[in-house]
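Have a look at the structure below before the remarks.
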Amino acid sequence: MINAYGGEAGRAASGGDNGRVQGMSEGRFDELVGLALDSIPARLAAAMENVVVMVEAEPPDDEPGLLGLYEGIPLTERDGWYAGVLPDRITVFRGPILRRCRTEAEVVEEVRVTVVHEVAHHFGIDDDELDELGYA
């Protein structure tokens, strides 16, 4: 597993808590996560293997600002022994994203960046590389 914060890899909030987009429905937020996944180039999306993307309301209590989390074995670390395992899991946390953003447009962008960040971990890209690419 990729280990960025003493646990699994994840993306943490660095912005303020202004609560202005709190009224966004769960359905709309889920739709934005789907749109972010759809924005991944088809060639890369087709290479994603044995991974599920989920939305949860809040991150674990010990990481309240976490925006997203990848848990699993990156594609770059899989070899002949990798069979019959549960899917990797990408979780996007709705609460911290909504608290961080002032407008729906900001939510759209934050969800997109968070999804790309966590999908990149699935492909074995670490946080240093993501920072260089502007997805930290």
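Here, each number is a calculation from the coordinates, and none is a lab measurement. For clarity, every value in this text was computed on a predicted model and none was experimentally measured. Quick reminder, even Gly has a Cβ in these numbers, built from the backbone with ideal geometry, and neighbours come from all protein chains shown.
Structural remarks
- Among the chymotrypsin sites (Phe, Trp or Tyr not before Pro) found in the range 65-111, those both in a DSSP coil and sparsely packed, with 16 or fewer other Cβ atoms within 10 Å of their Cβ, are W81, Y82.
- Sites matching trypsin sites (Lys or Arg not before Pro) across the range 41-136 that sit in DSSP coil, with at most 15 neighbouring C-beta atoms within 10 Å: R102
- Estimated inter-spin distance, D30 and E104, nm [label 7 Å along Cα→Cβ]: 1.8
- Förster radius 22 Å - calculated FRET efficiency between E129 and A46, Cβ distance, rounded to 0.05: 0.55
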